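What follows is a set of notes on a single structure, which appears directly below.
The values are calculated or read from the model by the stated rules, or taken from the named source; none is laboratory data. All of these numbers come straight from a predicted model, not from anything done at the bench. All Cβ positions, glycine included, derive from the backbone under ideal geometry; neighbour counts span all protein chains shown. We work out accessible area using only protein heavy atoms, side chains counted, and drop any ligands, DNA or RNA first. Shrake-Rupley method; radii C 1.70, N 1.55, O 1.52, S 1.80 Å.
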Amino acid sequence: MRFKRTKSKCAICPLQADPKVWGKGLMQGIAFIGEAPGSVEITKNEPFVGPAGDFFNWALQNAKIERSKNWVTNRVSSKLPNNDWDAFESDEAIIACSFGFEEELKALKKAGVKVLVTLGANPTHDMGIEGRISKVRGSVYQQKGFLVIPTYHPSYFQRMTYKRDDGSML
């Protein structure tokens, strides 16, 4: 299933001509909310299918969570210039998308979703949770009628290097 936001103010958004990536999955179970699509997501028209999506899928698999039975979306539906949340265009896009984002949250609530996992600081702050992601991650908050569990964005882990038990690098 797809959810196309109809209440976003795309006409006033500086990214209005750019392709949009809408939420996908089943509106049941858990909803995962990322920040914005990347280049691969724009090309494939699906959230979390690029490099961060590979790590996201690996984490879901290890947690025994079936991606196809949950909802995956982003706070902003267009790719931000240089993935820069502080750019003027990004600020305007966040405002323009906020109406559609709230519409999507209402649809999730109506469908019975009770748990949102925010992936990264930006969607966490948009859910009304303040503080550094390193301090709030893993905690459970009651926000906007949902249990919200903030965690790091998958791309955060991609930038880190880990050793496996056998000594090889992950």
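Sort largest first and round to whole Å: the equivalent ellipsoid semi-axes of the stretch 103-146, each the square root of five times a Cα gyration tensor eigenvalue.
Numbers: eigenvalues 82, 20, 13 Å².
Output for the stretch 103-146: semi-axes of 20, 10, 8 Å.
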Under a plain spin-label model, where a point goes 7 Å from the Cα along Cα-to-Cβ, how far apart in nm are Ala59 and Tyr152? 0.8 nm
What is the Cα coordinate range of the stretch 53-117 on the first, second and third principal axes, sorted by size from largest, in whole angstrom? 39, 30, 14
If you build the Cα gyration tensor of the stretch 27-170 and take the root of 5 times each eigenvalue, what three semi-axes come out, in whole angstrom, biggest first? 23, 19, 16
With all protein chains present, the chain has a carbon and sulfur share of its accessible area (1.4 Å probe) in percent of 53 percent
Quick check on the chain: helices-only [θ] at 222 nm, where DSSP H runs of length 4 and up contribute -39,500 (n - 2.57) each and the sum goes over total residues. Nearest 500, please. -9500 deg cm²/dmol
Under 22 Å Cα to Cα from Lys64, which lysines show up? Leave out anything in the same chain fewer than 8 places away. Lys24, Lys114
What FRET efficiency comes out for Gln142 versus Arg2 if R0 is 22 angstrom and r is the Cβ-Cβ distance? Round to the nearest 0.05. 0.20
Viscosity 1.002 mPa s, 20 °C: Kirkwood-radius Stokes-Einstein D of the stretch 1-112 over Cα pairs, µm²/s: 151 µm²/s
Compute the accessible area per residue over the stretch 28-170, keeping the other protein chains in place, probe 1.4 Å, unit Å². 53 Å²
Suppose each label sits 7 Å from its Cα in the direction of the beta carbon; what would the Ala11-Thr43 distance come out to in nanometres? 3.4 nm
